[in-house]
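Bear in mind these aren't lab numbers, they're just calculated from the coordinates by the rules spelled out. Here the structure is a predicted model, which means the values were calculated and not measured. Glycine also receives a Cβ, built like all others from the backbone with ideal geometry; neighbour counts cover every protein chain displayed.
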Amino acid sequence: MKNIFAIIGPTASGKSDLSIKLAKELNSIVLSADSLSVYKGIDIASAKPTKEEMAGIEHFGIDILNPDEKFDVTIFINEYKRALNRAKELNKGLIIVGGTSFYIKVLTNGISQMPKVGLDIKQKVSNLLQDKQKAFNILQEIDLEYANKIGRGDSYRLEKALEIFYATNTPPTKYFKENLAKPIVKDLPIYEIAVDREILRDRVKLRTSKMLKQGLIDEVATLEHKFGRAFQSMASIGIKEVLDYFDGEYNKLELEQKIITNTMRLAKRQVTFNKSQLRVKFRGSVEDIYRIIVAPVN
C-alpha cells in the first residue's frame, strides 16, 4: 500500500478540508480520529464533513456508533485496522485526521494489553463511578502515582484503572510496567496545522454561527428526546451548551458566545497536548503542509 500519515491541529483549523484535498491528490482514504464524528445523528455539533464535502473519498471513523454507545480507544484501534485493510486492498494511502490527538498518540505509542474484566467487576466499577470523587479517592488509596498522573477529570482512565486493579489485584502503575505498550504504527509522520489564535477565533466564530443557522438547536433537541442526557456524547461542546440553553441558563446570544468560549478553550488544550505528547514532523499552515506533502509526488 501507499504511505500513511496523520494531520492534526486545533478545532476549526481546516483539517478535514486539507485531508480531503490530499486524499484526492494522493489516491488515499481517510480515517477520522475525532471523538464526536463517530456518532450517527451528531452532524452539526461535530462539524463532520458532509457526503458532498467528502467528494467521493472513502472515510472511516464516521457514523459508526449511536449516541448512547460509548466510544473508546479499543473501538478506534479496530477502526484503524479496518481502514488499513481497506487501503491495502485498494492499494491506496491512508490519511489519519482529527482533533482528538490522544488517539494519534495511541497509534504511535501503543497501548498495554488490558486484562480480562468480568461483568461483575465492570458492574462494580460502574457503581463506583456514580460518585466520581469517591472513585478517584479509591484510586488514590490504591495507586497515588497513577491517580496524580491522570487527574480527577479523566473518567475513561479512572474506569480502566479501577477495572485493572479489581481484575488483577495489581495497582495500575505496576500493571503497565509489567505489560509494556508497543507502537501500533511505527514512525508515523505527523503534520500539525498551526493557526494564529486570533485567526482561529474568527474561524470558530464563523463556524459557530453557521452551526446555529444550520439547526444545531433542533439537532440537540432531537438527540435529547431520543437518547436523554446521560451519555458521553451529550457532554460534548456544542451539545452541552444547548442543553444549558434549554434549561434557561442563557439566551441565544449568550449560547453562541458560550460555545465560542468553550471551543477556544478546547483548541488551547489541543495545541498544548500536541506540543507535549506528540512528535510532529512538520508544523505550519495548511498551504505549507499541502506543498510539503504533495511536492515530492509532482
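Numbers at a glance
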read-out: Efficiency of FRET from Cβ geometry, PHE282 and ALA230, R₀ 45 Å, rounded to 0.05; value: 0.60
read-out: Exposure proxy order (Cβ contacts within 10 Å, fewest to most) of TYR290, TYR146; value: TYR290, TYR146
read-out: Cβ-based exposure ranking for SER32, SER276, SER233, SER155, in which fewest neighbours within 10 Å come first; value: SER276, SER155, SER233, SER32
read-out: Two-site FRET efficiency, LYS40 against LEU180, from Cβ-Cβ distance with R₀ of 35 Å, rounded to 0.05; value: 0.45
read-out: Where labels lie 7 Å past Cα in the beta-carbon direction, separation of ARG291 and ASP196 in nm; value: 1.8
read-out: Cβ-derived FRET efficiency at R0 22 Å, LYS51 paired with ALA221, nearest 0.05; value: 0.40
read-out: D (Stokes-Einstein, µm²/s), Kirkwood Cα radius, the stretch 1-49, 1.567 mPa s at 4 °C; value: 109
read-out: All lysines inside 21 Å of LYS240 as judged from Cα atoms, apart from same-chain residues fewer than 8 positions distant; value: LYS40, LYS48, LYS70, LYS132, LYS205, LYS210, LYS213, LYS226, LYS252, LYS258, LYS268
read-out: All Cα pairs of the chain, percent lying beyond 30 Å; value: 37
read-out: Global form of the stretch 1-126, assessed from the alpha-carbon gyration tensor, a/c cut-off 1.5; value: prolate
read-out: Residue order, fewest to most beta carbons within 10 Å, for PHE231, PHE282; value: PHE282, PHE231
